[in-house]
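One structure is given below, represented as structure tokens, and several questions about it will come after.
The values are calculated or read from the model by the stated rules, or taken from the named source; none is laboratory data. Bear in mind the structure is a predicted one, so any value in this text is a computation, not a measurement. For neighbour counting, all protein chains shown are included, and Cβ atoms are generated from backbone atoms with ideal geometry for every residue, glycine included. Just the protein is used for accessible areas: all its heavy atoms, side chains included, with ligands, DNA and RNA removed. Shrake-Rupley method; radii C 1.70, N 1.55, O 1.52, S 1.80 Å.
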Amino acid sequence: MYGSENNREDSERTAFRRAEKKYKLYYDNNASSKNKKKKQPKPVDLTEVLDFRSILECHLQNGALPPGVIVLHDKFTSPVFSLQNHPGFYFIPGALTVEKQCSLIRESLVDFPQPPNRTNHNAMYGPIKDVFVAAKEGRVLVEDNSDSVITSSGVGADIDHGGCKGWVFASEKDASLRKCRSVSASALLRKLRWSTLGLQFDWSKRNYDESLPHNRIPESLCELAKQLAKPALLAGVEFRPEGAIVNYFGLGDTLGGHLDDMEADWSKPIVSLSLGCKAIFLLGGKSREDTPHAMFLRSGDVVLMAGDARECFHGVPRIFTDKENAEIGHLETLLTHEDDLCFLKYIQNSRININIRQVF
Ligand code: OGA
Ligand code: MN
């Protein structure tokens with residue numbers, strides 16, 4: 001699934017890989033000497049990227065649709081679009097209110113990465129609690145390899161043993177007194193790439209590991225996913241959210257072309273929510289040789305992939321964090337309270353994707 005980079009030589013020859021390279025962030029090496037310090041992103045041709053927001057605007061104005069795009073459910077909360085040659089693929093532009101986007105951003109940073117939910121940091125540090133708060137407070141994760149408590153000037157009191165056995169958060173001052181490995185919480189936050197909710201996905205075995213301790217997907221997210229899944233379900237068929245993967249993207253981060261094929265029932269949709277900076281999403285065909293469609297994903301957009309579309313390669317080759325292209329002005333307007341500034345700072349350079357699945 002996510003191991004697409006392994007077969008680099010082969011994949012470079014495929015249409016999907018060529019599209020990934022077309023949109024990926026590259027920097028101009030021969031920028032003028034004045035700009036030497038600030039690397040300039042290479043310009044990329046976006047003329048072929050489908051823009052469902054402007055498609056929606058046109059459609060609402062005069063019912064027009066570009067070739068290959070169809071409207072499926074005009075009576076859902078907002079129009080649901082699909083692509084003629086991609087049955088089972090649904091795009092709902094702006095499906096999430098700004099308030100919902102903000103609360104999901106807060107939850108994705110504060111609550112979703114909490115144990116027993118696993119994150120990419122588990123392999124290295126074991127379960128870590130409260131990374132976001134620790135980053136806000138400028139704390140440092142230190143390897144706690146001695147039983148002795150540091151007591152000079154009361155620094156021992158500052159150690160929080162709520163993290164894993166072995167690694168604990170300490171103040172910056174404590175960390176500098178300890179002669180052990182350390183990493184700042186803000187670096188951990190910056191390098192947070194995924195967390196898993198509900199049934200835990202084991203990335204090394206590429207399956208859901210029912211033996212891993214887990215909580216159910218939070219009720220409000222579960223209800224939201226059930227509601228959003230409806231356009232992809234026949235009347236009376238239920239969608240049971242059992243697992244979710246939260247992806248965190250910083251500038252330059254990508255999600256390589258893959259299939260989500262570890263769930264039992266492919267007729268059930270994957271409900272995929274976009275938050276924060278705008279991204280390019282590639283939807284290919286069942287072979288990596290099929291040329292993918294590129295489309296923008298903005299904060300608040302929802303994508304459903306069910307049935308045939310579950311068998312289609314897809315990925316995210318690019319996010320945009322510059323002011324003009326990130327298109328998060330609506331979030332900046334809402335996240336103005338002092339308590340929200342930390343979320344705003346994060347999301348101004350990041351994208352979060354929550355994708356919710358029925359596993360069995
Ligand atoms: C995934 C996925 C798409 C996105 O996590 O499986 O396809 O929009 N994410 O980030
Ligand atoms: Mn996927």
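What number of residues within the stretch 61-102 are within 25 Å of the chain's Cα centre (by Cα) and free of Cβ contacts under 8 Å to residues at least 24 places away in the same chain?
Qualifying residue count, the stretch 61-102: 4.
Quick one: how many residues across the stretch 327-360 are within 16 Å of ligand 1 (Cβ to nearest atom), open to solvent by less than 30 Å² (accessible area, probe 1.4 Å) and not in a helix (DSSP H, G or I)?
Result for the stretch 327-360: 11.
Here is a list: 252, 236, 276. Which entry is surrounded by fewer than 19 Cβ atoms within 10 Å (Cβ to Cβ), more than 15 Å from ligand 2 (Cβ to nearest atom) and under 27 Å from residue 186 (Cβ atoms)?
Within the list 252, 236, 276, the selection yields 252.
To keep it simple, each residue is scored yes or no on (1) in a strand (DSSP E or B); (2) modelled with pLDDT under 95; (3) over 20 Å from residue 314 (Cα atoms).
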residue	(1), (2), (3)
192	no, no, yes
221	no, no, yes
226	no, no, yes
229	no, no, no
238	no, no, yes
256	yes, no, no
264	no, yes, no
274	yes, no, no
280	yes, no, no
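Among the residues of the stretch 255-270, which ones are buried (at least 21 other Cβ atoms within 10 Å of the Cβ) and under 18 Å from the mean Cα position of the chain (by Cα)?
255, 257, 269, 270
Can you tell me which residue in the stretch 304-326 is farthest from ligand 1 (Cβ to nearest atom), limited to those that are more than 23 Å from residue 82 (Cβ to Cβ) and acidic (Asp, Glu)?
If we take residues in the stretch 304-326 being more than 23 Å from residue 82 (Cβ to Cβ) and acidic (Asp, Glu), then 324 is farthest from ligand 1 (Cβ to nearest atom).
Then there is this: Kindly indicate whether any position in the stretch 257-271 is farther than 24 Å from residue 206 by Cβ, within 11 Å of ligand 1 (Cβ to nearest atom) and touching a residue at least 40 places away in the same chain (Cβ under 8 Å).
no
Could you figure out which of (1) more than 23 Å from residue 215 (Cβ to Cβ); (2) more than 12 Å from ligand 1 (Cβ to nearest atom) isn't true of residue 296?
(2) is the only condition that residue 296 fails.
Let me ask something else. Is at least one residue of the stretch 110-118 basic (Lys, Arg) and surrounded by fewer than 21 Cβ atoms within 10 Å (Cβ to Cβ)?
no
This table checks each residue for (1) at pLDDT below 95; (2) open to solvent by 90 Å² or more (accessible area, probe 1.4 Å).
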{"position": "47", "(1), (2)": "no, yes"}
{"position": "52", "(1), (2)": "no, no"}
{"position": "55", "(1), (2)": "no, no"}
{"position": "58", "(1), (2)": "no, no"}
{"position": "61", "(1), (2)": "yes, yes"}
{"position": "65", "(1), (2)": "no, no"}
{"position": "73", "(1), (2)": "yes, no"}
{"position": "78", "(1), (2)": "yes, no"}
{"position": "83", "(1), (2)": "no, no"}
